[in-house]
Amino acid sequence: MKKNLFKGLAAASVLMAGLSFHSAGASADVFTDTFGKLQPKLNVEQKLNVVFEYADALTHAKIKYKYGGTTEKGFDASGFVQHVYSKAGVKLPRTSAAMQQTGKTIQKKDLKPGDLVFFNTAGGSSKKASFVSIYAGHNQFFAVTVKKGVTVVKMTDSYWAKKYLGAKRVM
């Protein structure tokens with residue numbers, strides 16, 4: 001698994017390494033990542049690239065679902081989203097329902113890669129999100145499922161299509 005994780009994360013690491021500081025000594029141009037390391041502040045396009053590349057890399061790393069998981073040892077849905085966005089210097093709340101309260105509401109037809117998509121997987125008619133994922137484009141999203149772990153899922157899949165609640169843009 002470590003070998004696959006290393007290979008999968010290489011793309012995201014290369015992307016981050018290739019970004020340049022506008023002013024290497026200025027604290028306004030850097031942020032501290034989840035590992036306590038200084039990283040360059042990114043513009044929105046760069047942040048979206050980091051989110052997309054890192055989420056995509058994690059789909060190849062064979063990371064399993066773990067209830068309450070927030071690390072590469074195992075994720076739940078909101079832990080995955082929070083973790084991926086943190087790599088781009090974006091802080092999000094911990095739960096799907098709390099993430100649903102952030103950002104700008106986006107219509108399904110206007111989805112762009114990096115948008116958060118919300119679902120009610122808890123049952124009933126609640127409009128409160130119990131599942132969040134990252135839109136990947138082409139009617140697909142990056143998600144963490146119990147059966148497949150970190151994976152890519154089609155929005156048109158009958159299970160997910162019935163549970164869709166909406167989307168938010170947080171960058």
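The values are calculated or read from the model by the stated rules, or taken from the named source; none is laboratory data. These numbers were taken from a predicted model, which means no experiment stands behind them. Neighbour counts run over all protein chains shown; Cβ positions are idealised from the backbone, glycine included.
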Note to self: Considering only the range 62-69, I want to know if a residue exists there that is within 12 Å of the chain's Cα centre (by Cα) and either surrounded by 21 or more Cβ atoms within 10 Å (Cβ to Cβ) or at pLDDT 95 or above (or both).
What the structure shows: no
Next item on the list: Kindly list the number of the only condition in (1) part of a loop (DSSP other than H, G, I, E, B); (2) in contact with a strand residue (DSSP E or B) (Cβ under 8 Å, 6 or more places away or on another chain) that fails for F80.
Entry: (1)
Notebook entry, point to check: Is there a residue in the range 121-129 that is polar (S, T, N, Q), more than 21 Å from V44 (Cα to Cα), crowded, with 17+ Cβ neighbours inside 10 Å and at pLDDT 95 or above?
Noted result: no
Next item on the list: Evaluate the range 70-77: report whether one residue or more is crowded, with 18+ Cβ neighbours inside 10 Å and touching a Leu at 6+ places or on another chain (Cβ under 7 Å).
Entry: no
Notebook entry, point to check: Can T71 be described as more than 19 Å from R169 (Cα to Cα) and polar (S, T, N, Q)?
Noted result: yes
Check: Does G89 satisfy the condition of being out of contact with any Gly (no Cβ under 7 Å at 6 or more places or on another chain), of a type outside the set (A, V, I, L, M) and at pLDDT below 95?
Finding: yes
Notebook entry, point to check: Of the residues in the range 90-107, how many are surrounded by 15 or more Cβ atoms within 10 Å (Cβ to Cβ), in a loop (DSSP other than H, G, I, E, B) and touching a strand residue (DSSP E or B) at 6+ places or on another chain (Cβ under 9 Å)?
Noted result: 3
